[in-house]
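The values are calculated or read from the model by the stated rules, or taken from the named source; none is laboratory data. Here the structure is a predicted model, which is why all the values come from computation and not from measurement. So basically every Cβ, Gly included, is an ideal-geometry build from the backbone, and we count neighbours across all protein chains shown.
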Amino acid sequence: MIRSSITRTIALLLATGAAAQEPPPTKAVASAEPAMSTGNRFTEAGGEALYVQICAACHQAGGKGAVGAAAYPALAGDARLASASYPVTVMLYGLRGMPALGRMMSDAQVAEVVNYVRTHFDNHYGDAVAPEDVKAARP
Ligand code: HEC
């Protein structure tokens, strides 16, 4: 369990590093082809599937967090999730050990997984994030 989490974590970090090294697309390129390789994209749909497949590798099932080789904060009962823009910003810009995973997701996927963690694990924040909010917050 811990070993598979670590393997997934390393794979994700490598994927994130690879994405970060891609040169920013110019406007001309962006209109001709997708801005980012589809191979670097997460394909899961729905907040729960995204959480289970991606976030739980570090934040663990139920959002309870973990302390081991690194500290993964609990998302369960996390008062910092009260402001919807906070998790959106963390997803899009990263936060120290937290990779900017939202850059490999669509606006809808970021909204879904943020809405999922804000309404599960003892979090009860009803003001849902819309894909448009994510789009507006992107770098
Ligand atoms: C590679 C491991 C890793 C993965 C995968 C990961 N996180 Fe994180 N996350 C972290 C670490 C480490 C931090 C703590 C960053 C810090 O404060 O230094 C963090 C912090 C956060 C925070 C801020 C929590 C707070 O109270 O400040 C949020 C929100 C968050 N992650 C959401 C997510 C979501 C949603 C996903 C899945 C899409 C996810 N994370 C996947 C490692 C990860």
(request) Please work out if residue 129 is of a type in the set (Val, Ile, Thr), closer than 20 Å to residue 48 by Cβ and either part of a helix (DSSP H, G or I) or at pLDDT below 95 (or both). (result) no
(message) Can you tell me which condition residue 110 does not meet? The list is (1) within 11 Å of the ligand (Cβ to nearest atom); (2) in contact (Cβ under 8 Å) with a residue 40 or more places away in the chain; (3) crowded, with 16+ Cβ neighbours inside 10 Å, and all the others hold.
(response) (2)
(request) Could you list, in sequence order, all residues of the stretch 54-89 that are surrounded by fewer than 14 Cβ atoms within 10 Å (Cβ to Cβ), near the ligand (Cβ under 9 Å from one of its atoms) and outside any strand (DSSP E or B)? (result) 70, 79, 80
(request) Give just the number: which of (1) among the small types (Gly, Ala, Ser); (2) at pLDDT 95 or above; (3) surrounded by 12 or more Cβ atoms within 10 Å (Cβ to Cβ) does residue 30 not satisfy? (result) (2)
(request) From 42, 121, grab the single residue that is touching a residue at least 24 places away in the same chain (Cβ under 8 Å), under 11 Å from the mean Cα position of the chain (by Cα) and buried (at least 18 other Cβ atoms within 10 Å of the Cβ). (result) 42
(message) Consider the stretch 49-72. How many of its residues are touching a strand residue (DSSP E or B) at 6+ places or on another chain (Cβ under 9 Å) and over 18 Å from residue 102 (Cα atoms)?
(response) 3
